[in-house]
1. (1) at the interface with chain B (Cβ under 9 Å from one of its Cβ atoms); (2) over 21 Å from the mean Cα position of the chain (by Cα); (3) modelled with pLDDT of 85 or more: which one isn't true of A:Gly166, the others all being true?
2. Select from region B:33-48 the residues that are in contact (Cβ under 8 Å) with a residue 24 or more places away in the chain and either surrounded by 23 or more Cβ atoms within 10 Å (Cβ to Cβ) or closer than 21 Å to A:Tyr5 by Cβ (or both) and list them in ascending order.
3. Can you name the condition, by its number, that B:Glu72 falls short on among (1) more than 7 Å from every other protein chain (Cβ to nearest Cβ); (2) over 25 Å from A:Val158 (Cα atoms); (3) acidic (Asp, Glu)?
4. If the Cβ limit is 8 Å and pairs must be 6+ apart or interchain, which residue in region A:59-74 that is farther than 19 Å from B:Leu39 by Cβ pairs with which residue that is part of a loop (DSSP other than H, G, I, E, B)?
5. Tell me, please, whether a residue that is surrounded by fewer than 24 Cβ atoms within 10 Å (Cβ to Cβ), in a helix (DSSP H, G or I), more than 7 Å from every other protein chain (Cβ to nearest Cβ) and more than 10 Å from the chain's Cα centre (by Cα) can be found in region B:7-21.
6. With the requirement that a residue be under 13 Å from the mean Cα position of the chain (by Cα) and more than 7 Å from chain A (Cβ to nearest Cβ), what does region B:57-67 give you?
Amino acid sequence: MVLFYLFGATAVVASLLVIAQRNPIYSVLLLIASFGALSGLYVLLDAPFLAVIQIIVYAGAIMVLFLFVVMLLNAPHEDTDYDERLRGAEGPGAISTRSGSMRFGALLAAALIVELVWALTEGEGEAGLFPGESVSSVRAIGRSLFTDYALAFEVTSVLILVAMVGAVLLARRDVPAARGGVM
Amino acid sequence: MPTLDHYLVLSAALFAIGTAGVFIRRNLITILLSIEIMLNAVNLTFVVFGRALGAVDGQIIVFFVITVAAAEAAVGLALVIGLFRHRESLNPDSFASLKW
């Protein structure tokens, strides 16, 4: 119970700070902390395989990708020169629309959480204590993954290939056609 | 012992934080990070329900969600790089050429 509150509080606080930070690098690093806390929750839920995957793939690969991009783009803060010019050109109206969208976003998030918690507390049925035994050994996951979900697994590999080709195609600089570029 | 409801409330809180981030922030990278927060909230829900039902299917779905999130992050960041080359900005309001 103590560990649940520890990990849960870490995840929520780190996620809130991700939203609150102005510097994207701090946001990425705090999100890694949030993912670490979630991985601890997975261990509490008897899902050690997913906990390891969460650390390796999410914190290790995806967040490093984000960090690379933030540093590649020279980490522009939210209020760059462009925004200042934009705001100066449009006068106080731009600021009011920004604070308006901020208020709308906060309101929407508050409504969402109230609604979700209401749906959880109003629901019928016994509030679940978890069953004592757990089935989630890595062996069971692997067996299910390569029998019941074999097709989905193979399609996922195609998806990753497509994403890789697409990312390379989108992010590369335009090659002049004279040099024999395909595009 | 924390019950199912504890985990679901935590997941709802994380999802709401991610939603708020998408609406409040004006930085494409932070918006992508908020989407990752929302994906992780949903992942937590899958794992919790899988644990409550005593089946491994929840964890397998989370496995696929992580894969799709990796693909989404790669393509999304490539798009961000391309957009940044065009406009020298990460503010989504500056990519409004198609706005009617």
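The values are calculated or read from the model by the stated rules, or taken from the named source; none is laboratory data. None of these values were measured; they are calculated from a predicted model. Backbone-built Cβ (ideal geometry, glycine too); neighbour counts: all protein chains shown.
1. It is condition (2) that A:Gly166 fails.
2. Selection gives B:Glu36, B:Asn40, B:Ala41, B:Leu44, B:Thr45, B:Val48.
3. (2)
4. A:Leu73/B:Leu90
5. Among the residues of region B:7-21, not one is surrounded by fewer than 24 Cβ atoms within 10 Å (Cβ to Cβ), in a helix (DSSP H, G or I), more than 7 Å from every other protein chain (Cβ to nearest Cβ) and more than 10 Å from the chain's Cα centre (by Cα), which makes the answer no.
6. B:Val65
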